[in-house]
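Structure, as structure tokens:
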């Protein structure tokens, strides 16, 4: 503010966390205490641009001119085809992923961590509940193929130089929880908006809509194909949320209730006036149950003719009067 000539002006600085990147807004006035106006012509091009460059140098900030260099820091998925069935190659590939994910993402449980790792064909595994490694609080990391099956040789967590053991992760779980709270609203708003604007209201359409916002949706199913869990990975804020952590309406069961269940590949809607074989008459079984005002207005049950009788009667009289004049 000093560099652009507003150092003596009253101004307000506040931080926003409502998007993928935290940012600040500044509000001030161009009228001085004396009542004279501060000249704003070419303020951005001349003064603000110069001030920005000086601040970037003074504080070592990333320069927009060098934004192309950001790509070198982005994480690329592990190419399983290049991983050999040897400990060295496997360890090197897993280390590349762990160095990035463990440090930058905010997860609070092993399933949440795996929701991120599996995007890069890596998985942290405690083994079977009856296994020795599980009983001893051990942990291994392994490479997954495109079908999610383990390939290569699992490596003990203690064999990695940064020691990503179960004890280390449990400490991260506790530390990460308060750090991700600020970003809950972004995921919740994205889900609500996707359900509101999408006419299909299917689980698949929701997943596709969230994916466009940088949010990956991972569902967990049992042997019968029943979805019992859902996890959201926000790659913009680097936060992972189990559905129920966002609120009951974002859990696996609630999301399925808010979506139309696809039957035999076709989305079916049960209207109140229909009697379809094997289906309930109550449309709530297939319609979203969000209680927002907008969805209530869009509900099929609320689209009846609500015109008052008096208005109907007046309208008929008006038509009759026009007819007589003719």
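Full extension of the chain segment joining residue 33 with residue 208 gains 57.7 nm, where the gain is 0.36 nm per residue of separation less the Cα-Cα distance. Compared with the rule-of-thumb size 2.2 N^0.38 Å for a compact globular protein, the range 80-164 has a Cα radius of gyration ratio of 1.03. A straight chain from residue 55 to residue 182 at 0.36 nm per residue would run longer than the Cα-Cα distance by 43.0 nm. When you count the other C-beta atoms within 10 angstrom of each residue and take the mean per peptide, 32-38, 244-250 line up highest first as 244-250, 32-38. Remark: 1, 26 ranked as 26, 1, counting other beta-carbon atoms within 10 Å and listing the fewest first. Spin-label pair residue 42-residue 163: with each label point 7 Å from Cα along the Cα-Cβ axis, the two points sit 6.1 nm from one another. Annotation for residue 221 and residue 151: the two label points, set 7 Å from Cα along the Cα-Cβ direction, are 2.3 nm apart. Starting from the Cα of residue 15, move 7 Å in the Cα-to-Cβ direction to define the label point; list residues of the range 99-129 whose amide nitrogen is under 20 Å from there. Once the point is set 7 Å along Cα→Cβ of residue 15, 104-107 turn out to lie under 20 Å by backbone N, inside the range 99-129.
Since every read-out is calculated from the coordinates, none of them should be taken as a lab result. Only a predicted model underlies this, so the values are computations on that prediction, with no experimental measurement involved. We place every Cβ from the backbone using ideal geometry, glycine too, and count neighbours over all the protein chains shown.
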